[in-house]
Amino acid sequence: MRHLEQTSRSAAWHRIRSMCVTGLAACLALAAGPAAAHVTIAAKGVKAGQTTTFVLKIPHGCAGAATTGLRVAVPGELSDIAPQDKAGWTAVVTPSAGGAGASAKRAQIAWTGGTIAAVDHAEFAFKAKVAADAKGRIYVPIVQQCGDAAERWIEIPESPDAAEPGKPAPAFDVKP
């Protein structure tokens with residue numbers, strides 16, 4: 001009888017553990033799914049007044065089409081922009097123009113001339129100096145070109161508490 005009770009408890013424990021593992025895996029897949037599909041920017045230890053390397057991570061093409069270009073609207077908090085070489089691609093920096101404020105045209109980096117298959121991911125990197133007075137979260141709008149189509153990763157949340165938009169601009173935080 002004791003053996004039957006232990007076997008029954010053991011089977012029940014295995015079923016519960018299996019359900020927990022399956023549930024946890026499903027939750028992780030749901031949480032990672034949408035974020036993994038977005039263009040992101042990686043930058044470690046970004047500090048005001050220092051030069052930092054920013055790595056743009058492109059997870060896929062546009063609706064099944066290969067990536068053929070990338071345009072980055074460089075925030076005003078960044079200067080001394082230097083894109084890193086990427087085999088098969090040409091990077092051009094267009095300086096900002098028009099003064100300061102909302103009417104000013106941001107500096108841009110454009111990578112062209114290469115192709116990345118729709119199912120492949122890629123990384124593009126640039127160095128830039130962070131303004132001495134920069135602080136908080138800084139957004140970097142990006143347009144991913146895929147032949148005649150484009151993915152516009154340019155949406156910025158209206159407030160820190162707002163839900164993430166459908167096509168969020170990548171962002172990084174400046175540390176004090």
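The values are calculated or read from the model by the stated rules, or taken from the named source; none is laboratory data. For clarity, every value in this text was computed on a predicted model and none was experimentally measured. Note that each Cβ is placed from the backbone with ideal geometry, even for glycine, and that neighbours are counted across all protein chains shown. Ligands, DNA and RNA are excluded from the accessible area calculation, which covers all protein heavy atoms including side chains. Shrake-Rupley method; radii C 1.70, N 1.55, O 1.52, S 1.80 Å.
Is it true that Val92 is in contact (Cβ under 8 Å) with a residue 40 or more places away in the chain and not basic (Lys, Arg)? Walk me through it before giving the result.
Working: in contact (Cβ under 8 Å) with a residue 40 or more places away in the chain: no; not basic (Lys, Arg): yes.
Taking the combined requirement at face value, the residue does not satisfy it.
Restricting segment 105-122 to residues that are closer than 14 Å to Pro75 by Cβ and either surrounded by 15 or more Cβ atoms within 10 Å (Cβ to Cβ) or under 17 Å from the mean Cα position of the chain (by Cα) (or both), which is modelled with the lowest pLDDT? Steps first, answer last, please.
Narrowing segment 105-122 to residues closer than 14 Å to Pro75 by Cβ: 105-109.
The next check asks that each one be either surrounded by 15 or more Cβ atoms within 10 Å (Cβ to Cβ) or under 17 Å from the mean Cα position of the chain (by Cα) (or both); those that pass are 106-109.
Values: Arg106: 84, Ala107: 92, Gln108: 96, Ile109: 97.
Applying the filter and picking the extreme gives Arg106.
Would a scan of segment 65-78 turn up a residue that is buried (at least 20 other Cβ atoms within 10 Å of the Cβ) and over 17 Å from Pro170 (Cβ atoms)?
Yes.
For the structure I just gave you, tell me whether Thr94 is open to solvent by less than 40 Å² (accessible area, probe 1.4 Å) and hydroxyl-bearing (Ser, Thr, Tyr).
Numbers: open to solvent by less than 40 Å² (accessible area, probe 1.4 Å): no; hydroxyl-bearing (Ser, Thr, Tyr): yes.
Considered against the rule, which asks whether it is open to solvent by less than 40 Å² (accessible area, probe 1.4 Å) and hydroxyl-bearing (Ser, Thr, Tyr), Thr94 comes out as no.
Looking only at residues in segment 43-86 that are of a type in the set (Lys, Arg) and part of a strand (DSSP E or B), which one is nearest to Ala125 (Cα to Cα)?
Of the residues in segment 43-86, the ones of a type in the set (Lys, Arg) are 44, 47, 57, 71, 86.
Next cut, part of a strand (DSSP E or B) only: 47, 57, 71.
Values: Lys47: 18, Lys57: 9, Arg71: 12 Å.
The extreme case among them is Lys57.
Can you list the strands (runs of 3 or more DSSP E) lying wholly within segment 123-176 that have 3 or more residues being open to solvent by less than 30 Å² (accessible area, probe 1.4 Å) and not acidic (Asp, Glu)? Break it down stepwise before answering.
On the way: elements: 136-139, 142-146, 149-153, 171-174.
Output list reads 142-146, 171-174.
Which pairs turn up if I take residues in segment 73-89 that are farther than 12 Å from Ala107 by Cβ and look for partners that are part of a strand (DSSP E or B) and open to solvent by 50 Å² or more (accessible area, probe 1.4 Å) with beta carbon separation below 6 Å, at least 6 apart in sequence or on another chain?
Going by the 6 Å Cβ cut-off, the qualifying pairs are Trp89/Gly113.
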